[in-house]
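Report on the structure given below.
The values are calculated or read from the model by the stated rules, or taken from the named source; none is laboratory data. Just so it is clear, the structure is predicted and the values come from calculations on it, not from any experiment. Using ideal geometry, Cβ is built from the backbone for each residue, glycine included, and neighbour counts are taken over all protein chains shown. Remember, those area values only see protein heavy atoms, side chains included, never the ligands or the DNA or RNA. Shrake-Rupley method; radii C 1.70, N 1.55, O 1.52, S 1.80 Å.
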Amino acid sequence: ENATLSGGAAKVSCSGCSGSSAVGYIGATSGSGGSIRWSSVSSSTSTTTTLRFKHQNGDTKQRFAIVNVNGNSQTIAFLPSSDGNTPASSSVTVSLNAGSSNVITVSGTGSGYGPDIDRVMVPTS
């Protein structure tokens, strides 16, 4: 997973996650806080598709984050995961462009931390 971390986002331990780590500290209790960005995401065609995020949320209620794809933002609820090491899944419907110019960013909403992101799964077509 080749992503750029900024604004305080950092790798955190997660034994059930791919590579035994996730990206935590997305968002913050005030301000935008940390974010994760995937550049050069490929799609074989311009299409509307479903991205699936594997994430950790050890709280008893959902955490929110902004998912931005190619300049279009949606606030997504990431439901609690079963424990601190088993990722849960959340999905979002987005529009991808043909080619490898797609950009996906997950950032905070300004009102608390978002989930710890393990990975994003992008359909191949």
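Of note:
- Among the candidates GLY24, GLY108, residue that is touching a Gly at 6+ places or on another chain (Cβ under 7 Å), surrounded by 12 or more Cβ atoms within 10 Å (Cβ to Cβ) and small (Gly, Ala, Ser): GLY108
- You will find that of SER21, SER30, SER35, SER13, the residue that is at pLDDT 95 or above and under 27 Å from SER111 (Cα atoms) is SER35 and no other.
- The set of residues in region 8-21 being closer than 26 Å to SER95 by Cα and open to solvent by 20 Å² or more (accessible area, probe 1.4 Å) consists of SER18 alone.
- Filtered residue count, region 49-72, keeping only those that are exposed (fewer than 12 other Cβ atoms within 10 Å of the Cβ) and either modelled with pLDDT of 95 or more or within 10 Å of THR109 (Cα to Cα) (or both): 3
- Pairs where the first residue, in region 47-64, is farther than 12 Å from VAL120 by Cα and without any contact (Cβ under 8 Å) to a residue 40 or more places away in the chain and the second is hydrophobic (A, V, I, L, M, F, W, C) and open to solvent by less than 70 Å² (accessible area, probe 1.4 Å), C-beta under 7 Å, 6+ apart: GLN62/ALA77; GLN62/PHE78
- Within region 108-121, residues that are within 14 Å of ALA28 (Cβ to Cβ) reach partners that are among the aromatic types (Phe, Trp, Tyr) and in a strand (DSSP E or B) with beta carbons closer than 7 Å, at six or more positions or on different chains, in the pairs THR109/PHE64; GLY114/PHE64; GLY114/PHE78; PRO115/PHE78.
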